[in-house]
Amino acid sequence: MQVFYVVATPIGNMEDMTLRAIRILKESDLILCEDTRVTGKLRSRYEIETPTMSYHSQSKLAKVETILEMIKEGKTLALVSDAGTPTISDPGSFLVATIREHFPELHIVSIPGPSAVAGALSISGLPASDFLFLGFLPHKKGRETLFAEIVESKRTVVFYESPHRILKTLESLASKLEKGRRVVIARELTKVFEQTVSGTALEVLAYFTDTPDKVKGEFVVMVGAA
Ligand code: SAM
């Protein structure tokens, strides 16, 4: 049975690699990855000798066609991203949709593992059975509409943010959210300087304004329901 695998990889701590993910990457014919250097570190750590080919957000249609051709030849391919679960704010959705369209009989199998959204929610203390995930907020167009949606949301809202924009985002939240709303930041999950900061938007903003050395790394922002 031919399979196309979508494989989750660590979001920081290299030990967060499942036994199944290692085996599947070893057994596949080719690993499609965002950056061959990033995936190269994982390959050497786990002695995975499978060759890699890049597939990223800038990949052209010709690359997709090459991949479809390899599937047609019967090859077992595995898709990974630089970190976490492919397609979650990462490339891969278009590729998976195209593969589904061309090979409706092919088994597309998830090898689950880390994702920053799940890790962050699990330690937030916010209700996480039902949440709204926004990925990265747009920089300009649509940003205000999304903030309005966050303010109104009856569900926990989760989104990803870069260190360059986190203060600006917290300022927006502090100016728009009702006073009682809880904001939780999960920073550098699974890494040496992993940190969670929880409070009102104003308190969290004050914390990061007062400790600028913490305004770096990777951030997940979570906002409690209205
Ligand atoms: N596919 C990934 C996943 O499953 O989580 C997300 C990739 S997205 C390009 C990268 C963003 O995810 C970062 O900017 C940050 O917002 C979030 N992220 C990834 N790793 C993280 C970590 N270790 N701690 C906190 N946030 C993280």
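The values are calculated or read from the model by the stated rules, or taken from the named source; none is laboratory data. On a predicted model such as this, the values are computed, not experimentally measured, just so you know. As a convention, Cβ positions derive from the backbone with ideal geometry for all residues, glycine included, and neighbour counts pool all protein chains shown. To get the accessible areas, we keep the full protein, side chains included, count just its heavy atoms, and leave off ligands, DNA and RNA. Shrake-Rupley method; radii C 1.70, N 1.55, O 1.52, S 1.80 Å.
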(request) Take every Cα pair under 8 Å in the chain that's 6+ residues apart, average their separations, divide by the length, and report that relative contact order as a whole percent. (result) 22
(message) Please report the equivalent ellipsoid semi-axes of the range 176-221, computed as sqrt(5 x eigenvalue) of the Cα gyration tensor, largest first, in whole Å.
(response) 20, 12, 7
(message) Under 21 Å between alpha carbons: how many lysine pairs meet that in the range 3-111, if sequence neighbours fewer than 8 apart on the same chain are excluded?
(response) 7
(request) Rounded to the nearest 10 degrees, what's the angle between the helix 143-152 long axis and the longest principal axis of the chain, both from Cα atoms, 0 to 90? (result) 70
(message) Taking the 0 to 90 degree range and rounding to the nearest ten, how far is the long axis of helix 36-45 tilted relative to the main principal axis of the chain, both from C-alpha atoms?
(response) 80
(request) Provide Rg and Dmax in Å for the range 1-135, with only Cα atoms included in the calculation. (result) 15.1, 48
(request) Working from Cα positions, state the angle (0 to 90°, nearest 10) between the long axis of helix 166-176 and the longest principal axis of the chain. (result) 50
(message) Given the -39500 (n - 2.57) contribution per DSSP H run of 4+ residues, what per-residue ellipticity at 222 nm results for the chain, rounded to the nearest 500 deg cm²/dmol?
(response) -10500 deg cm²/dmol
(message) Could you tell me how far the Cα centroid of the range 10-25 sits from the Cα centroid of the range 45-87, in Å?
(response) 17
(request) Mind checking the full-extension length gain between SER57 and ARG45? Use 0.36 nm per residue of separation minus the Cα-Cα distance, one decimal, nm. (result) 1.8 nm
(request) Mind checking which aspartates and glutamates have their Cα closer than 15 Å to the Cα of LYS214? Skip sequence neighbours fewer than 8 apart in that chain. (result) GLU161, GLU188, GLU194, GLU203
(message) Rounded to the nearest percent, how much of the accessible area of the chain (1.4 Å probe, protein heavy atoms only) is carbon and sulfur?
(response) 54
(message) With bins 10 Å wide starting at 0, give me the P(r) of the chain over every alpha carbon pair, in whole percents.
(response) 8, 30, 29, 21, 10, 1
(request) With N set to the residue count of the range 1-41, report its C-alpha Rg divided by 2.2 N^0.38 Å to two decimal places. (result) 1.18
(request) Choose one of LEU177, ALA128, GLY199: the residue whose Cα lies farthest towards the positive end of the charge dipole of the chain (beta-carbon charges +1 Lys, Arg; -1 Asp, Glu; about the Cα centre). (result) LEU177
(message) Using a probe radius of 1.4 Å on heavy atoms only, what accessible surface per residue do you get for the range 12-78? Whole Å² is fine.
(response) 58
(message) Can you give me the distance in nm between label points at GLU178 and VAL109, each placed 7 Å from the Cα along the Cα-to-Cβ direction?
(response) 4.8
(message) Using a Förster radius of 25 Å, what is the FRET efficiency between GLU101 and ARG20 based on their Cβ-Cβ separation? Nearest 0.05, please.
(response) 0.40
(request) Would you calculate the separation in nanometres between label points at LYS141 and TYR207, each defined as 7 Å from the Cα along the Cα-to-beta-carbon direction? (result) 3.6
(message) Looking at the chain as a GNM with Cα springs under 10 Å, which of VAL64, VAL117, VAL80 has the largest mean-square fluctuation?
(response) VAL64
